1. Could you please rank 152, 334, placing first whichever residue has the fewest other Cβ atoms within 10 Å of its Cβ?
2. If you take the beta carbon distance between residue 289 and residue 240 as r and set R0 to 22 Å, what does 1/(1 + (r/R0)^6) give as a FRET efficiency, to the nearest 0.05?
3. Once you have a ≥ b ≥ c as the square roots of the Cα gyration tensor eigenvalues for region 1-141, tell me rounded if a/c is under 1.5, and otherwise prolate or oblate according to whether a/b is larger than b/c.
4. Multiply the residue gap between residue 349 and residue 101 by 0.36 nm, knock off their C-alpha separation, and tell me the result in nm, one decimal place.
5. Could you state the angle between the C-alpha long axis of helix 296-306 and the longest principal axis of the C-alpha atoms of the chain, as a value from 0 to 90 degrees rounded to the nearest 10?
6. Mind listing the Cα extents of region 266-389 along all three principal axes, in Å, largest one first?
7. According to the square roots a ≥ b ≥ c of the eigenvalues of the Cα gyration tensor, what is the shape class of region 108-255, taking rounded for a/c under 1.5, prolate for a/b larger than b/c otherwise, and oblate for the remainder?
8. Counting only DSSP beta bridges with both residues in the chain, tell me the antiparallel percent, nearest 5.
């Protein structure tokens, strides 16, 4: 796309599930051409996790718009030959296959550095190389559990997985950031990004706190172990409001201007955040009692007037109809093999640039077109299609 930040960049993806596909969709959103090489026997596993999007998987529709799907049997000589022709013309290879697969295919970093020296090769794996877990399969929940994220989510004695696939998504975004940095620098290097290392990084506050205090902080549900008051409270109209303070000045405004409780504001035990954390149960009870006497609109209006951060607890159904998304025109129609669906614009708003919001590809939809661009004859393309089922 002319004017796109990554116009002219070609990315080949050997990807599945969420982490690598979100990485490459992010690059696609910025104008890169992404050629998704899929197994002809069913393709990306995320295509079939469910069928709720008019027969398509919700994960797949989320992270694969705008890509071109090419089916190649990489167990065959002809399939690998076609892949290397693609890599000859590509700027980036992104993969997140099962442990050891790229090495078996001759696509390890050293192999690629020799055969495709101008290629940025990015491999997303589960646990990184050189450790006792390096051989293991890694899914989002498994890595969130291994990294400690589940231990700080949920409630004491009832750990939970954070709802979004944080390990997959964050790793994909770190991979995309690495690619953009290397494209900017002009250097061609190999990059590995692991889900475990990414989640360990996101656990930074908790790990730092525990290292220096010796305390494993307990999960607080919709609160935070780090600050108080900060949590969810029921209102008189049976809604849930989330109120939070992050410093002593905000606490003073909450106590005096929102609750009308100068006695709390003047209480020396509550003057600083460590004291408020120690007395969080008392504060939650006071704030909860005040919220229970007022409806949500009143609470939020008063909180805004007092300069106190607040939000409404929403379900996914609520967010689909969220007036803030509607007012800012964040939804777009995109094509899929089974008809148009709604998708959110990518988060970055770049002046003068409209993300392409291309179609979700059918399995192998672009095989003939892409292989023809590589100079393969009709007969060779027919043979490869035959090998690909």
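1. Values: 152 21, 334 16.
Final ranking by Cβ density, sparse to dense: 334, 152.
2. That pair, residue 289 with residue 240, gives E of 0.90.
3. Cα axes put region 1-141 in the rounded bin.
4. Going from the current span to full extension adds 85.6 nm.
5. 80 degrees
6. Computed over region 266-389, the largest-to-smallest principal extents equal 84, 32, 30 Å.
7. It is prolate, given that a/c is not under 1.5 and a/b is the larger ratio.
8. 45 percent
Read the figures in this text as sums done on the coordinates, not as results from a lab. Since the structure is predicted, the reported quantities are computational estimates derived from the model, not experimental observations. Positions of Cβ are backbone-derived with ideal geometry, glycine not excepted, and every protein chain shown enters the neighbour counts.
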